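Just below is one structure, and these are the notes that go with it.
The values are calculated or read from the model by the stated rules, or taken from the named source; none is laboratory data. All figures in this text were calculated on a predicted structure; none of them were measured in a lab. Glycine gets a Cβ as well: all are built from the backbone with ideal geometry, and neighbour counts include every protein chain shown.
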Amino acid sequence: MRTISLPLLLVFTIACGGGTSTLPPNSEVSGAYEFVVTSNVTGGTTLVEANMVSNGNQSTASGPAQVQILTLESKIWYVNGICAGQTPGQNSINASVNGGNIGLTFNEGGDALPGQGVLNGTTILGNYSVTGSKCPVLIGNPNYPPGYDSGGFVGSQVPNLGGTFSGSLNLADGTFNTAFTLVENSDRTLTASAHLSGLVNNGTFTFAGSAVGNVMFVSGSVNGQKLSLFGYFDRTGQFTGTPNSLLVFDYETLSTVGLLIKQ
């Protein structure tokens with residue numbers, strides 16, 4: 001698996017079909033958001049998780065603590081997406097809102113993409129289209145011009161990420177029964193306590209990091225060994241197949257290490 005960004009890069013080259021909104025001018029986009037982006041070309045789905053911070057009608061999110069991406073394509077998960085950028089994982093979003101219209105600039109790994117969308121309440125709807133992308137999965141598609149992609153996306157606010165999740169994690173030292181308790185603070189930092197039970201490394205270990213939309217991004221130490229974990233919380237089960245589940249990856253290897261269920 002590669003640490004890359006996705007046709008979602010493509011995400012925000014939006015060609016919105018228009019629409020109306022009852023919102024007043026200069027409405028804000030603020031808080032934890034998930035953008036679900038679906039490609040008509042590859043059939044893949046990219047999840048863009050962002051903690052948007054507003055200042056008047058301007059909203060931004062920047063860096064790993066505020067923007068995280070993963071792609072599900074052909075039943076394979078790609079942490080950081082499926083297309084490489086110059087600096088994978090270093091992403092940002094800038095938004096400008098005027099009533100029901102929103103202008104977006106998404107910067108994924110150093111590649112800036114402008115677009116337009118429609119804001120209705122706290123939901124952002126739109127379509128996107130891009131040409132000339134250097135993403136390998138788009139360049140080699142015989143059914144479309146090289147580098148072409150199009151599709152649609154929906155951006156929605158998401159609740160805080162927290163609770164206790166239980167199941168098995170397959171870590172470097174073996175498989176462990178795990179109880180993972182997450183607490184999201186008011187500044188969206190995340191503290192976690194992991195109780196591990198297995199042949200080795202039994203005990204309770206502390207992790208810290210960020211809650212980014214529906215993503216847990218934390219690091220800690222297990223018996224002196226550093227461990228960085230990336231977890232996607234699927235409330236409905238649309239993507240993992242299990243409601244209220246936390247799909248966990250080892251961020252160093254980008255491999256899936258387990259599925260934990262909220263208790």
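Listed by position, the strands (runs of 3 or more DSSP E) contained in the stretch 30-118 that have at least 3 residues being in the same structural domain as Ile139 (by TED's automatic domain parsing) and modelled with pLDDT of 85 or more are 31-39, 45-55, 58-62, 67-73, 76-79, 91-98.
Let's see how each residue does on (1) in contact with a Gly (Cβ under 6 Å, 6 or more places away or on another chain); (2) more than 30 Å from Val118 (Cα to Cα); (3) of a type outside the set (A, V, I, L, M); (4) outside any loop (DSSP other than H, G, I, E, B):
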{"residue": "Leu196", "(1), (2), (3), (4)": "no, yes, no, yes"}
{"residue": "Tyr232", "(1), (2), (3), (4)": "no, no, yes, yes"}
{"residue": "Phe249", "(1), (2), (3), (4)": "no, yes, yes, yes"}
{"residue": "Thr253", "(1), (2), (3), (4)": "no, yes, yes, no"}
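Among residues of the stretch 212-230 being out of contact with any Phe, Trp or Tyr (no Cβ under 7 Å at 6 or more places or on another chain) and either among the acidic types (Asp, Glu) or not in a strand (DSSP E or B) (or both), the one that is modelled with the highest pLDDT is Gly224. Would you be able to say whether some residue in the stretch 116-126 is out of contact with any strand residue (DSSP E or B) (no Cβ under 7 Å at 6 or more places or on another chain) and under 27 Å from Leu254 (Cα atoms)? No, the stretch 116-126 has no match at all. Condition check for Phe180 on (1) surrounded by 21 or more Cβ atoms within 10 Å (Cβ to Cβ); (2) more than 21 Å from Asn223 (Cα to Cα): one failure, at (2). Scanning the stretch 236-247 for residues that are surrounded by 15 or more Cβ atoms within 10 Å (Cβ to Cβ) and not hydrophobic (A, V, I, L, M, F, W, C) turns up Thr240, Thr242, Asn244, Ser245. None of Thr164, Thr204, Thr181, Thr191 is assigned to a strand (DSSP E or B), out of contact with any Leu (no Cβ under 9 Å at 6 or more places or on another chain), of a type in the set (Val, Ile, Thr) and modelled with pLDDT of 90 or more except Thr181. Tyr251 satisfies every condition listed in (1) at pLDDT 95 or above; (2) buried (at least 18 other Cβ atoms within 10 Å of the Cβ) except (1).
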